[in-house]
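One structure is given below, encoded as structure tokens.
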């Protein structure tokens, strides 16, 4: 898959142990390392900057820990997504139900998804792997 900033069609498949893999259609926008690092640092820095401000709200320690934890959580979340989904359509290998991913979802292959019809945990993989 190309690494430009424009969405591109990607060859992906949904897999589930014991079932044949199913090809899916996806438009993915690559997220460059610089963009991911900037957003991750902004979220982590925001949590650090917010910590002394919320420290004045009783009970003090839980608010500080929540601020730092949220900064780390959202920073890591923005760092890990190599691609951003602009469009996704596929079917579950087990039950055949239509599956979608919300536009804006950040993914890194392999990516875990759940079928809402049969509640099985599937894996979204790049088809070239």
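So how do 115, 95 line up by other beta-carbon neighbours within 10 Å, fewest first?
Listing 115, 95 from fewest to most nearby Cβ atoms yields 95, 115.
In Å, what Rg and Dmax follow from the Cα atoms of the chain?
Over the chain's Cα set, Rg and Dmax evaluate to 18.4, 56 Å.
Below 8 Å, C-alpha to C-alpha, sequence gap of six or more: please give me the relative contact order for segment 12-126 in percent.
Here the relative contact order equals 32 percent.
Taking the Cβ of each residue in 99, 116 as the centre, tally the other Cβ atoms inside 10 Å and list the residues starting with the fewest.
In order of increasing Cβ crowding within 10 Å: 116, 99.
In the Gaussian network model of the chain, springs joining C-alpha atoms below 10 Å, which of 74, 109, 17 carries the largest mean-square fluctuation?
Looking only at 74, 109, 17, the biggest GNM fluctuation is shown by 17.
How many angstrom lie between the C-alpha centres of segment 10-51 and segment 58-116?
8
Against the longest principal axis of the chain, how steep is helix 60-80, in degrees 0 to 90 to the nearest 10, with axes from Cα atoms?
30
Summing -39500 (n - 2.57) over the DSSP H runs of n ≥ 4 in the chain and dividing by its residue number, what mean residue ellipticity at 222 nm do you reach, to the nearest 500 deg cm²/dmol?
Counting only the DSSP helices, I get -11500 deg cm²/dmol.
Arrange the following residues from fewest to most other Cβ atoms within 10 Å of their Cβ: 27, 121.
Final ranking by Cβ density, sparse to dense: 121, 27.
Bear in mind that the values in this text are calculations on the coordinates, not laboratory data. Since the model is a prediction, treat every value here as computed from it, not as a measurement. With ideal geometry, Cβ positions are generated from the backbone for all residues, glycine too; neighbour counts draw on all protein chains shown.
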